[in-house]
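**Student:** One structure, as structure tokens, below. Some questions next.
The values are calculated or read from the model by the stated rules, or taken from the named source; none is laboratory data. In this text, all values refer to a predicted model and were calculated from it rather than measured experimentally. Because the Cβ atoms are built from the backbone with ideal geometry, glycine has one as well, and the counts that use them run over all protein chains shown. Just so you know, the surface numbers come from the protein's heavy atoms only, side chains and all, with ligands and any DNA or RNA stripped out. Shrake-Rupley method; radii C 1.70, N 1.55, O 1.52, S 1.80 Å.
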Amino acid sequence: MLLRKIIKRQKDIIRHFWIISKCVVASWLPAYRLKEWLLSDIVSGISTGIVAVLQGLAFALLVDIPPVYGLYASFFPAIIYLFLGTSKHISVGPFPILSMMVGLAVSGAVSKAVPDRNATTLGLSNNSNNSSLLDDKRVTVAASVTVLSGIIQLAFGILRIGFVVIYLSESLISGFTTAAAVHVLVSQLKFIFQLTVPSHNDPLSIFKVLVSVFSQIEKTNIADLVTALIVLLVVSIVKEINQRFKDKLPVPIPIEFIMTVIAAGVSYGCDFKNRFKVAVVGDMNPGFQPPITPDVQAFQNTIGDCFGIAMVAFAVAFSVASVYSLKYDYPLDGNQELIALGLGNIVCGVFRGFAGSTALSRSAVQESTGGKTQIAGLIGAIIVLIVLLAIGFLLAPLQKSVLAALALGNLKGMLMQFAEIGRLWRKDKYDCLIWIMTFIFTIVLGLGLGLAASVAFQLLTIEKKCHWLREQCPSPIYFANIGFFRQKLIDAVGFSPLRILRKRNKALRKIRKLQKQGLLQVTPILQEFIRIKVDVYIVGTDDDFIEKLNRYEFFDGEVKNSIFFLTIHDAVLHILMKKDYSTSKFNPSQEKDGKIDFTINTNGGLRNRVYEVRFFNRFIFT
């Protein structure tokens, strides 16, 4: 009897999963505008595919596996996401921070399996057979980590518990990715200098790597160093040009592709491998390798790392997807995103790839070059497939130091997040403290332990902050409940302003043009109501509260401090004075007849009551 119930439950879950995935495809494919979107998607897909090839090769170095496996990681997740994903603009595949996390998990698992720590060093080996066996072991462990991470994501998505990501605040994610970018920077020094550096995955590992690098700096391969510096300088300059003149350039200059072609050609023509003993990508077997069975022992050794990888991958992908969904006005489903990412990682791992999410720079290329749907992602995957099947051999003479330079060129945006410290200090000192401590934990303890310590510290900080805020406000609003508060606001009003706004956008071509020009965007909470001509007033606030909102830069051209009042009575008087009621049918004496609907809503986790007064498309909350 129990077995029947389990089987029935499994069938229900599979049926539920199939219905969801089928609906995702059916929701956008029949509405695809072939004449309007296809050319843009093709152009965007080609540009994105070229970047995906180069980033796949570069980020594979972070996992300590041969570069060709980065192409597998660029291909399979993109195909799966085409059918299951809800974002139209993100490019799914390798992400440097995630690749670094997988690499550390691989290093730890392999070091347990290989007693000789020197055998786990990455560099030139005198014994090619042992080096090949070690590479195979790393690939198997990386694939196993990827499969287990995908299983975790898939389970979270099916069980609809994707909400756990709300406990990764923006300040925590920013501090973590900045520290992780520093880890990536340090890890690539061994390729730029071409040094043999032991792998470390314990606390203080970043400092041990630095000591190892600088203790043998005299062994630097000058050809690799000079090549990497030239590539990094040119890529950085041209990327800055792309950013500054993005409105004038029809498409961004594909500088990574250009420098890769030049570097590979010069390396081949001048025989850098034999003349200067540089480390190169080497031969890549065309096509795909047969699928593998994940290593159960690797599951046991890396399960903690896999939880971190699964959550960071989802948090980054969903954050980037949310930006584009707001900009282009379409809905996202967080649980469906977990399913898409999870199944993509499972398939990718089975075919020897490594875990992915979305790279910010690659998604920016897909969007800025005119990508309209995930058809652009399909075209990009086809470009990766062409390299895998036909022209991969052309990359054989490419120096690994060039790939390291390309990886570093993609870290600028994350390293620039140091500027967040000043902004957070002015806005919210608690968030600033979370950022700083997350950065310190991640630098000192490493990515896995650092993330766990950061989440624990953040939860403690939230409790202390909420305790202080409750003295000021019965129900403090912070990052973990802002979405809940927004939903309660919509429930109290009785309709979704975002849904109405979508309908108006479809009907009004002028608003669409304003959106494309960036003059009109769908933004959370209050601005959505204002833009559909629904006035929202908030009462029960004092001067100190208004002063804090001013300091936090809460107000703008649409949300003004005139929506806040001390009492409901003040707000009602303001509305009556604002509107000319001489021709209106409104009569204050008709309140009992329902012209003013006064309700009290005490549902939800917020402690204070929401008093709601409705009339003439005006809503008052306290």
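**Student:** Is region 342-409 best put as rounded, prolate or oblate by its Cα gyration tensor, with a ≥ b ≥ c the root eigenvalues, rounded for a/c under 1.5, and otherwise prolate when a/b is larger than b/c, oblate when not?
**Tutor:** rounded
**Student:** In terms of the Cα gyration tensor, with a ≥ b ≥ c the square roots of its eigenvalues, is region 299-385 rounded because a/c is under 1.5, prolate because a/b exceeds b/c, or oblate?
**Tutor:** Oblate, since a/c reaches 1.5 and b/c is not below a/b.
**Student:** Over region 278-418, average the accessible area per residue using a 1.4 Å probe and give it in Å², no decimals.
**Tutor:** Accessible surface, normalised per residue, equals 35 Å².
**Student:** Turning to a different aspect of this structure: Using the Cα centre of region 146-232 as origin and beta-carbon charges of +1 (Lys, Arg) and -1 (Asp, Glu), tell me which of Val213, Val231, Asn201 is placed farthest towards the positive end of the dipole.
**Tutor:** Asn201
**Student:** Listed here are the pairs Lys239/Lys560; Lys248/Lys327; Lys239/Lys400; which of them are more than 31 Å apart at the Cα?
**Tutor:** Lys239/Lys560
**Student:** What do you reckon, how do Ser236, Ser205 stack up by accessible area (1.4 Å probe), largest on top?
**Tutor:** The most accessible residue leads, giving Ser236, Ser205.
**Student:** Now a separate question. Simple spin-label model, 7 Å along Cα-to-Cβ: Asp136 to Ala155 in nm?
**Tutor:** With each label point 7 Å from Cα toward Cβ, the separation is 3.1 nm.
**Student:** Right, here's the next one. Grab the Cα-Cα distance for Gln297 and Phe83, subtract it from 0.36 nm times how many residues apart they are, and report the gain in nm with one decimal.
**Tutor:** 73.8 nm is the gain from fully extending Gln297 to Phe83.
**Student:** For Thr196, Thr293, Thr358, give me the order by solvent-accessible area with a 1.4 Å probe, most accessible first, ignoring ligands, DNA and RNA.
**Tutor:** Sorted by accessible area, descending: Thr293, Thr196, Thr358.
**Student:** Give a quick list of chymotrypsin sites (Phe, Trp or Tyr not before Pro) in region 210-268 that DSSP marks as loop, anything other than H, G, I, E or B, with at most 15 other Cβ atoms within 10 Å.
**Tutor:** Answer in residue order: Phe245.
**Student:** Suppose accessible area is computed on protein heavy atoms with a 1.4 Å probe; arrange Ile173, Ile391 from highest to lowest.
**Tutor:** Ile391, Ile173
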